[in-house]
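Visitor: Submitted below is the structure of interest, expressed as structure tokens.
The values are calculated or read from the model by the stated rules, or taken from the named source; none is laboratory data. The structure presented is a predicted model; accordingly, all values stated were derived computationally and were not measured. Glycine gets a Cβ as well: all are built from the backbone with ideal geometry, and neighbour counts include every protein chain shown. Side chains are part of the model used for accessible areas, which takes the heavy atoms of the whole protein and leaves out ligands, DNA and RNA. Shrake-Rupley method; radii C 1.70, N 1.55, O 1.52, S 1.80 Å.
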Amino acid sequence: DSLSEFRFRVEGHTDALGDEDYNLALSRRRADGVRNYLINLFEMEANRLETVARGESSLLNPDNPNGPENRVVLIVNLGPQN
């Protein structure tokens, strides 16, 4: 497929509700869950997917820190594999 040569970063995010440590762990579980889904369902090679837990440190909507739009997982194309 056309994306088979690329690597990706799976970023887990949360809103600002709750404890910062809890949110960081939650964002890690979200990112790992999406990574595992891609590996198991789409048979992506594990070495093409890295995960990052952002917690509440990188709110997608800082004007509404508790908004649901901050509770997401983003997939970022890192470019071709070396």
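Visitor: For the subset of the stretch 1-19 comprising residues that are under 30 Å from Pro80 (Cα atoms) and aliphatic (A, V, I, L, M), which member is modelled with the lowest pLDDT?
Guide: Filtering first and then ranking leaves Leu3.
Visitor: If we keep just the residues of the stretch 21-65 that are over 20 Å from Phe8 (Cα atoms) and of a type in the set (Asp, Glu), which is most open to solvent (accessible area, probe 1.4 Å)?
Guide: Asp63
Visitor: Would you list the strands (runs of 3 or more DSSP E) that sit entirely within the chain and hold 2 or more residues that are small (Gly, Ala, Ser)?
Guide: 49-55
Visitor: Right, here's the next one. Sort out which residues of the stretch 66-82 are open to solvent by 70 Å² or more (accessible area, probe 1.4 Å) and touching a Ser or Thr at 6+ places or on another chain (Cβ under 7 Å), and write them in order of number.
Guide: Matches in the stretch 66-82: Arg71 only.
Visitor: In addition: Looking only at the stretch 6-49, which residues are of a type in the set (Phe, Trp, Tyr) and without any contact (Cβ under 8 Å) to a residue 12 or more places away in the chain? Steps first, answer last, please.
Guide: Just the residues of the stretch 6-49 that are of a type in the set (Phe, Trp, Tyr), to begin with: 6, 8, 22, 37, 42.
If the condition is that a residue be of a type in the set (Phe, Trp, Tyr) and without any contact (Cβ under 8 Å) to a residue 12 or more places away in the chain, then Tyr22, Tyr37, Phe42 are the ones that fit.
Visitor: How many residues does the stretch 20-43 hold that are at pLDDT 95 or above, under 19 Å from Leu78 (Cα atoms) and of a type in the set (A, V, I, L, M, F, W, C)?
Guide: Count: 4.
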